Amino acid sequence: MATTPLSVRPSTPSLLDERGDLVAELRTIGMVWERELIRFVRTRTRILSSFVQPILFLFVLGYGMTTLVGSTEGFTFKKFVFPGIVAMSVVMTAIFSAISIVWDREFGFLREMVVAPVSRSSLVIGKTLGGASIATVQGTIMLALAPLIGVHLTATLVGQVIGLELLMAVGLTSFGVFVASRIQRIEAFQVVMQLLLFPMLFLSGALFPLKGLPTWLAVLTRLNPVTYAVDPLRRVVFAVQAVPPAAAARFSTGISLFGTMLSLSAEIGIFCVFTAVFLALAIVGFGKPE
Amino acid sequence: MATPTTTLAAPLAAPATASGATLAVEASNLVKRYGDVEAVKGVSFDVGRGEIFALLGPNGAGKSTTIKMLCTLALPSGGTARVSGFDVRRQPKAVRRRIGLVFQEQTLDEQLTAEENLRFHAVLYRVPRDEVDARIDRVLRLVALEGRRKDLVSTFSGGMARRLEIARGMLHTPAVLFLDEPTVGLDPQTRALMWDDVTRLRKEEGVTILLTTHYMDEAEYADRIAIIDHGQIVALDSPDALKRKVGQDTVELTTADNALAVSRLAAAGYRCQEGEEAVVVFTTDGESQVARLIEIARVPVSNVHVHRPTLDDVFLHFTGRQIREDQGERMLSMAVRARAGRR
């Protein structure tokens, strides 16, 4: 709905209460965020299911594929895939957290939010931060499995991983919110998300190195935003592991774009751009009234 | 324990400069078109502060669309409206901050407790932080749900949920509370309870209430009623005045000598006639006239029946149709009966 600036007419009634807008919007973001967390904590099945899937991936892919791929100078495929699995759990939780918008629409609560005298951006940012927080916690808990895989952790590394997880989670929750804002029904959301999620995960380099791929596959991976979030995570994890040169060549990290290898900060920068675009789309698409 | 500090906060008061400082709602020639369909065809009315005002009409008459325009949820295709002194078109946020909304459909989060739902609302509507708890206490007491404060809304009955929504609508001390078909789907006892709540709100909080309904008996609670049909207001007045416009009361007296009674009453200036078994007197305010009529007739009276026009009569008079209470329900019960008959 078009909002005419309030100052257009000199005879406009007192605008005293229009002050303190920023504080009110920040309170709104905080409240929407808090609600997402309350709802997550109250839905035990959701907590459980969001753990089972990544662990399943880790064991099936990690252990199963390791026997097939083998190890290079003691560096196993398990270790290679571990950062990818952490990323996958963040991506899945982040994207599916947006389902709450579809629920809200179905149960009418979306209306309570969109008719309130607050900006849409605050609602979307609150939702996004809520989903992103949950996804980050999820991914961080996955780190507890690191010793089992033989992945070495340091305090700095955990800090770096949490930072990257948060960025990844914000980007993908925004993406989820954007998709959810155009979907009316729960069933449709689930179908659409499965359709988007698996290509995004499988074409992200989470499960295989991005080097020496056929051109069509290389192009697809480079178009996938998740790629630019998985690789930084793997890089910081690998930085504190003992990776023998032969293993580093086989289980390579880094993304080449137009013939040049991207730096870590370039990758993060690209993902930030994706995040900004998704967030903007989410805000525009969110809660358009009837 | 009333907490005077939490009642109508000063910044929410109407702008003193506005011409209609004493009016809660001013609608002037409101029009809403959806494509070629004109859902509302030029509706004008004013609602005074503290008034309970009902828009009465059948489904699809344009009541909800009118309310949506006043709540800034639908942009008028024509005409203007001010709510609490603010223009719905130019100052939608200022309007929204001063109104409470209760929709036909439930808009609560069932996974949250009653208190959490209210707290969420308090933040969205900028209730000052130090007033939130007192306000939550107060509105829960207004709808008699203070005992369910910490309970999940999913454990509430339909009636309780609706009352919680009314409480929520009042949380930010709005100047006007909009209720769109507030009692649809509620059983009669719950409806009565809800009406107790609404009248109490008006008395204790001084809020103006604008509601839509297609239940005749509910419109009776209103100070004034606007009857809407086909997107236009066909009548607007207090329930009693509307009934008076439709016709006078009829008093039926069954007497020992009807003919004698008629002649005496006619001699005293009453318009009356001898019916099949009783004397029928047409008069205003029939109930208070009964004693006088009996005195004038001076014949033994065995039975008295006063008939006042009902809102059904009013509606029939102004629209030429009868309003069907819950056509849906009626059809459903017919279908159920049909199915039962097949067995």
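In region A:1-31, which residue that is at pLDDT 80 or above and more than 8 Å from every other protein chain (Cβ to nearest Cβ) is nearest to B:ARG82 (Cα to Cα)?
Residue satisfying both the conditions and the ranking: A:ASP21.
Could you run through region A:33-74 and say how many residues are of a type in the set (Phe, Trp, Tyr) and within 14 Å of another protein chain (Cβ to nearest Cβ)?
Residues flagged as of a type in the set (Phe, Trp, Tyr) and within 14 Å of another protein chain (Cβ to nearest Cβ) within region A:33-74 amount to 2.
Is there a residue in region B:161-175 that is touching a helix residue (DSSP H, G or I) at 6+ places or on another chain (Cβ under 9 Å), at pLDDT below 95 and more than 14 Å from chain A (Cβ to nearest Cβ)?
Checked region B:161-175: at least one residue is touching a helix residue (DSSP H, G or I) at 6+ places or on another chain (Cβ under 9 Å), at pLDDT below 95 and more than 14 Å from chain A (Cβ to nearest Cβ).
Residues in region B:92-99: is at least one of a type outside the set (Phe, Trp, Tyr), within 22 Å of the chain's Cα centre (by Cα), at the interface with chain A (Cβ under 8 Å from one of its Cβ atoms) and over 27 Å from B:LYS203 (Cα atoms)?
No: zero hits.
Among the residues of region B:88-95, are any surrounded by fewer than 23 Cβ atoms within 10 Å (Cβ to Cβ), modelled with pLDDT of 90 or more and over 28 Å from B:LEU23 (Cα atoms)?
no
Are any of the residues in region B:145-154 touching a residue at least 60 places away in the same chain (Cβ under 8 Å) and either part of a loop (DSSP other than H, G, I, E, B) or at the interface with chain A (Cβ under 7 Å from one of its Cβ atoms) (or both)?
Taking every residue of region B:145-154 in turn, none turns out to be touching a residue at least 60 places away in the same chain (Cβ under 8 Å) and either part of a loop (DSSP other than H, G, I, E, B) or at the interface with chain A (Cβ under 7 Å from one of its Cβ atoms) (or both).
Take region B:280-322 and flag every residue that is of a type in the set (D, E, K, R) and within 22 Å of B:GLY269 (Cβ to Cβ).
B:ASP285, B:GLU287, B:ARG292, B:GLU295, B:ARG298, B:ARG308, listed by residue number.
Kindly indicate whether any position in region B:155-162 is under 23 Å from B:THR113 (Cβ atoms) and either in contact (Cβ under 8 Å) with a residue 60 or more places away in the chain or in contact with a Phe, Trp or Tyr (Cβ under 8 Å, 6 or more places away or on another chain) (or both).
Yes.
Only one of these is farther than 15 Å from A:VAL90 by Cβ, touching a residue at least 40 places away in the same chain (Cβ under 8 Å) and either more than 14 Å from chain B (Cβ to nearest Cβ) or out of contact with any Pro (no Cβ under 9 Å at 6 or more places or on another chain) (or both): A:SER181, A:SER133. Name it.
A:SER181
Just checking, does region A:212-227 include any residue being assigned to a loop (DSSP other than H, G, I, E, B), aliphatic (A, V, I, L, M) and surrounded by 13 or more Cβ atoms within 10 Å (Cβ to Cβ)?
Yes, some residue in region A:212-227 is assigned to a loop (DSSP other than H, G, I, E, B), aliphatic (A, V, I, L, M) and surrounded by 13 or more Cβ atoms within 10 Å (Cβ to Cβ).
So which residues in region A:253-290 are buried (at least 16 other Cβ atoms within 10 Å of the Cβ) and polar (S, T, N, Q)?
Within region A:253-290, A:THR253, A:THR275 meet the criteria.
Scan (1) under 26 Å from the mean Cα position of the chain (by Cα); (2) at the interface with chain A (Cβ under 9 Å from one of its Cβ atoms); (3) under 30 Å from A:ARG42 (Cβ atoms) for the single condition B:ARG129 breaks and write down its number.
Looking at each condition in turn, B:ARG129 falls short on (1).
Just checking, does region B:308-320 include any residue being touching a residue at least 60 places away in the same chain (Cβ under 8 Å) and either of a type in the set (Lys, Arg) or more than 30 Å from B:THR212 (Cα to Cα) (or both)?
Yes, some residue in region B:308-320 is touching a residue at least 60 places away in the same chain (Cβ under 8 Å) and either of a type in the set (Lys, Arg) or more than 30 Å from B:THR212 (Cα to Cα) (or both).
Among the residues of region A:175-194, are any out of contact with any Lys or Arg (no Cβ under 8 Å at 6 or more places or on another chain) and more than 30 Å from A:PHE109 (Cβ to Cβ)?
no
Quick check on this structure: which one of B:ALA192, B:ALA235 is part of a strand (DSSP E or B), more than 20 Å from B:CYS71 (Cα to Cα) and under 17 Å from the mean Cα position of the chain (by Cα)?
B:ALA235 is the lone residue from the list that is part of a strand (DSSP E or B), more than 20 Å from B:CYS71 (Cα to Cα) and under 17 Å from the mean Cα position of the chain (by Cα).
Which residues, counting only those in region A:241-268, are in contact with a Leu (Cβ under 9 Å, 6 or more places away or on another chain) and outside any loop (DSSP other than H, G, I, E, B)?
A:SER256, A:ALA266, A:ILE268
Could you tell me whether any residue of region B:237-246 is surrounded by 14 or more Cβ atoms within 10 Å (Cβ to Cβ), acidic (Asp, Glu) and closer than 30 Å to B:ALA27 by Cβ?
The answer is yes; a qualifying residue exists.
Is it true that some residue in region B:231-238 is on the phi > 0 side of the Ramachandran plot and modelled with pLDDT under 85?
No, that holds for no residue.
Could you grab me the full set of residues in region B:309-320 that are surrounded by fewer than 17 Cβ atoms within 10 Å (Cβ to Cβ) and outside any helix (DSSP H, G or I)?
Matches in region B:309-320: B:THR310, B:GLY320.
Residue under question is B:ALA222, and the condition is that it be surrounded by fewer than 18 Cβ atoms within 10 Å (Cβ to Cβ), out of contact with any Ser or Thr (no Cβ under 7 Å at 6 or more places or on another chain) and of a type outside the set (D, E, K, R); does it hold?
no
Would you mention how many residues in region B:69-91 are facing another protein chain (nearest Cβ under 7 Å) and either in contact with a Gly (Cβ under 8 Å, 6 or more places away or on another chain) or of a type in the set (A, V, I, L, M) (or both)?
3
Pairs under 6 Å by beta carbon, first residue aromatic (Phe, Trp, Tyr) in region B:212-224, partner surrounded by fewer than 21 Cβ atoms within 10 Å (Cβ to Cβ), six or more apart or different chains?
Filtered contacts from region B:212-224: B:TYR221/B:TRP195.
The values are calculated or read from the model by the stated rules, or taken from the named source; none is laboratory data. Only a predicted model underlies this, so the values are computations on that prediction, with no experimental measurement involved. A quick note on method: Cβ atoms are made from the backbone with ideal geometry, for glycine too, and the neighbour counts reach across all protein chains shown.
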